[in-house]
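Presented below is the structure to which this report refers.
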Amino acid sequence: MKRPLKTFLTYLLMAGLATLAGMAQTAAAAAGMAGMTAQSAVAVSAGTPGSDVPPSIEALEAAADAATAKRDYLGALVAYRTILLREPAQRTALLGTMRSLARLGAPQLALELAGRHPGLLAAGEHDAIAADYTAQKIRWGAIAADTDRGPERFAAIDAALAGSEAAAARALDPATALTGVERQLVLDRITALRERYRMRDAVVLYEAVAARPAPVRAYAKSAAASAYLYLEQPERARDLYREALRDDPGNLETRLGLFFALAESEQHDAALLQAESTLAATPPTIDAWSAATLHENPAYARVLAARSMAPLFANQPGEAWQRLRALSARAPYNMDIRTDYASSMRAREWPRQSEEELRWILAVDPDHGGALGERAGALLEMRDYRDAATALAQAQSVAAEDGRVKRAARLLSVHDLRELVVDGTYGRSSGGPSGTQDYAVDTRLYSSPIGSQYRAFGHLYNAQARLSNGTARRERAGVGLEYRSPLIIASGELAQGVNGGDAGAALSVAVTPDDHWTLRGAASTAANETPLQARLAGISARRVFIEAVWQAHESRSAALSHAQMRFGDGNRRDTTQARWTERVIAGPVYKLEVTGALYASRNSLAGAPYFNPARDFSPTLELANEWLQWRRYTRAFRHRVVVAAGRYAQQGFATGTVTNLRYEQEWQADDRLTIRYGIGRSRHPYDGVQTLRNYGTISLNWRF
């Protein structure tokens, strides 16, 4: 929550202060202004015998004036109420009481008194006090919005907004001049609209006020900046936060807002500096009165959390996770910090650990909007779609406007769409198994989820290779059903050759018991992996495949797989592959992944009419370089250069060099459409003859 309970109690104290001041217990403050002792002031106000000559009305008025001049409004209030004990209708004392109550932060009491004595306050002064009351109601409404749950938490702030409707309408008309009171109402209304999550209305009103000659106060600029940031306009938010800090450099909310605006503007170095400077300016402890009252500063934990989150924005989730883990251990009952810690787990690709942490948070604070939204996202990544929908509904009932809740809702809505996946290659070679010219296009179209866990799909596969002895083709169409759960992804497919050809079936299953291991298996009776050279000779093949994948986190993974193909001519091919991938450089713009791989195969049949080495072995090393050209929330453009080199040993032939150079671009239009395309050049020996191949690739993933 953005405001602690202590703030709520502070407002409660302010509201009751004027009533307490009406009692004689604080009369000493006014007595000091009139030159009396505390004892005599209490005696006068209480009417106790013992004061020889009670002060005159004129003396009490003088005491009130002196107290007001020194901004001792409580003392002035006591003096005025002492007068009213004698003369309840004394106009000067009534007017002074109204003004003192307003200045003490109790404008509602001042307005109630003015209502009982109409005509005392001038219209302009009455409006000014009413504007202060509206501002106070906005603060109360903001507290209710943070502490209550569901749509009803906005009732108080909606009531407060009603008090500035007329002023807002005038502000939106550039031809209408605003009074000082109206301008104050409009500036306070911007903050109220922000608290109400009416961000577009807040921005429109701010721009109307900013277009006028009078300067806008810092708190209104900060509120407008928050609205711009929520609307994903971080550059505008950044500039406004900076303007607000020039006028109010110590404002913590504005400092933190600038940090997030810089991070979301992809200015990560500047964001880190902002977090560091805010941390340096925030004391870890507060000593309110003496060493005996020393206690931790609650704002310090917020700033530490922001500083810990900085690497997460900069594509360094490992560092963010380490910082947040330490901070969570230091403040185990700070639910905001622990929610950020769970976010870092998701960034490390540990959704199950994240969901476990979030369940603990929600056991302590069931209405924590951020944790509810984060948990819905984690469940979705775990493929627990039914529970994800339930968790999202609960999150929306508590805080539908929370940023994490909105992101989870977006992810779930995208998941519920249809999906088209296309992978294509085209190549020209100097020879070898792929011939002189080849292409392959693999297309899958998935339905929307059926009962949350199933999806039907259609599958088209089309491949062709121009070989020395003819042109080989493979065209197949299939339909299937996919099942997804937190533990298993399974699919089954029935396929048939388009222009005749063999029918076949395919099954696949992947088991994910935790955040680190995935075990896969697949089998097909008419494998699309069958070499086109074999297809030209009328030979098909069955294939089985198993794989174990271990992923430590987003920057380290390993896999070991084995495949076996049984060809129609009696040949048996066994293929084993292993790889280790390490992300050695990670940053907001550039990252480098290094993959070491081993490949080995053997075939049982000699003299097959397709490339069929008795045994072969190939170690390779691949460097994948990726640059982020630009990113705007879910939209991004990346470049990727992949360089691979290794050796290839084929039984009966000399060992040769293999190389591969590939350049790719990736357009992420939003979270529904991603297109990747590239060109490359490879060199590989087959039967002792070096073969060069120039190729292009394209991949599309579209949800609609």
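The values are calculated or read from the model by the stated rules, or taken from the named source; none is laboratory data. Keep in mind it's a predicted model, so treat the numbers as computed, not measured. Here the Cβ positions follow ideal geometry from the backbone for every residue, glycine too, while neighbour counts run over all protein chains shown. In case anyone asks, the SASA skips ligands and DNA or RNA and just uses the protein heavy atoms, side chains included. Shrake-Rupley method; radii C 1.70, N 1.55, O 1.52, S 1.80 Å.
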(request) Any chance you could count how many residues in segment 465-485 are open to solvent by 40 Å² or more (accessible area, probe 1.4 Å) and either assigned to a loop (DSSP other than H, G, I, E, B) or touching a helix residue (DSSP H, G or I) at 6+ places or on another chain (Cβ under 9 Å) (or both)? (result) 5
(request) Could you list, in sequence order, all residues of segment 50-75 that are modelled with pLDDT of 85 or more, part of a loop (DSSP other than H, G, I, E, B) and touching a helix residue (DSSP H, G or I) at 6+ places or on another chain (Cβ under 7 Å)? (result) 72
(request) Within segment 581-596, count every residue that is within 31 Å of the chain's Cα centre (by Cα) and either in a loop (DSSP other than H, G, I, E, B) or under 13 Å from residue 622 (Cβ atoms) (or both). (result) 11
(message) Looking at the structure I just gave you, is residue 608 among the aliphatic types (A, V, I, L, M), at pLDDT below 95 and more than 25 Å from residue 549 (Cα to Cα)?
(response) yes
(message) With the structure loaded, tell me whether residue 233 is within 23 Å of residue 101 (Cα to Cα) and either acidic (Asp, Glu) or open to solvent by 10 Å² or more (accessible area, probe 1.4 Å) (or both) or whether it fails that test.
(response) no
(message) Condition first: in a helix (DSSP H, G or I) and under 26 Å from the mean Cα position of the chain (by Cα). Now tell me which residues in segment 137-163 satisfy that.
(response) 141, 142, 143, 144, 145, 146, 147, 151, 152, 153, 154, 157
(request) Take residue 133 and decide whether it is over 41 Å from the mean Cα position of the chain (by Cα) and aromatic (Phe, Trp, Tyr). (result) no
(message) Based on this model, can you work out whether residue 638 counts as of a type in the set (Lys, Arg), touching a Leu at 6+ places or on another chain (Cβ under 6 Å) and farther than 29 Å from residue 690 by Cβ?
(response) yes
(message) Taking the criterion of being without any contact (Cβ under 8 Å) to a residue 40 or more places away in the chain, open to solvent by less than 30 Å² (accessible area, probe 1.4 Å), of a type outside the set (Lys, Arg) and in contact with a Leu (Cβ under 7 Å, 6 or more places away or on another chain), would at least one residue in segment 140-157 satisfy it?
(response) no
(message) Looking only at segment 403-426, filter to residues that are over 26 Å from residue 677 (Cα atoms) and open to solvent by less than 40 Å² (accessible area, probe 1.4 Å); which one of those is nearest to the chain's Cα centre (by Cα)?
(response) 403
(request) Take residue 354 and decide whether it is polar (S, T, N, Q), open to solvent by less than 40 Å² (accessible area, probe 1.4 Å), within 21 Å of residue 263 (Cα to Cα) and assigned to a helix (DSSP H, G or I). (result) no
(request) Of the conditions (1) more than 17 Å from the chain's Cα centre (by Cα); (2) crowded, with 18+ Cβ neighbours inside 10 Å; (3) more than 30 Å from residue 593 (Cβ to Cβ), residue 330 clears all except one; give me its number. (result) (2)
(message) Going through 434, 397, 429 one at a time, which residue ends up being in contact (Cβ under 8 Å) with a residue 40 or more places away in the chain, open to solvent by less than 60 Å² (accessible area, probe 1.4 Å) and closer than 26 Å to residue 226 by Cα?
(response) 397
(message) Suppose we filter segment 164-213 for residues that are part of a helix (DSSP H, G or I), among the small types (Gly, Ala, Ser) and either surrounded by fewer than 19 Cβ atoms within 10 Å (Cβ to Cβ) or under 24 Å from the mean Cα position of the chain (by Cα) (or both); how many remain?
(response) 7
(request) Take the residues in segment 515-532 that are in contact with a Lys or Arg (Cβ under 8 Å, 6 or more places away or on another chain) and farther than 30 Å from residue 554 by Cα, then tell me which one is most open to solvent (accessible area, probe 1.4 Å). (result) 525
(message) Just to be sure I understand, how many residues within segment 312-333 are assigned to a helix (DSSP H, G or I) and within 22 Å of residue 264 (Cβ to Cβ)?
(response) 10
(message) When you scan segment 402-419, do you find a residue that is of a type in the set (Ser, Thr, Tyr) and under 30 Å from residue 232 (Cα atoms), even just one?
(response) yes
(message) Pull out all pairs, ordered by first then second residue, where Cβ-Cβ is under 9 Å, the residues are six or more apart or on different chains, the first lies in segment 194-215 and is free of Cβ contacts under 8 Å to residues at least 24 places away in the same chain, and the second is open to solvent by 70 Å² or more (accessible area, probe 1.4 Å).
(response) 215/247
(request) Give the residue that is modelled with the highest pLDDT, with candidates limited to residues of segment 89-116 that are open to solvent by less than 60 Å² (accessible area, probe 1.4 Å), farther than 18 Å from residue 181 by Cβ and not in a helix (DSSP H, G or I). (result) 90
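Matching residues to (1) among the aliphatic types (A, V, I, L, M); (2) touching a residue at least 12 places away in the same chain (Cβ under 8 Å); (3) outside any loop (DSSP other than H, G, I, E, B); (4) open to solvent by 40 Å² or more (accessible area, probe 1.4 Å):
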{"site": "445", "(1), (2), (3), (4)": "yes, yes, yes, yes"}
{"site": "455", "(1), (2), (3), (4)": "no, yes, yes, no"}
{"site": "493", "(1), (2), (3), (4)": "no, yes, yes, no"}
{"site": "501", "(1), (2), (3), (4)": "no, yes, no, yes"}
{"site": "513", "(1), (2), (3), (4)": "no, yes, no, yes"}
(message) I'd like to check something: does segment 631-646 contain any residue that is in contact (Cβ under 8 Å) with a residue 60 or more places away in the chain, farther than 20 Å from residue 428 by Cα, surrounded by 15 or more Cβ atoms within 10 Å (Cβ to Cβ) and over 31 Å from the mean Cα position of the chain (by Cα)?
(response) no
(request) Looking for whichever is assigned to a helix (DSSP H, G or I) and touching a Lys or Arg at 6+ places or on another chain (Cβ under 7 Å) here; the options are 337, 361. Which one fits? (result) 361
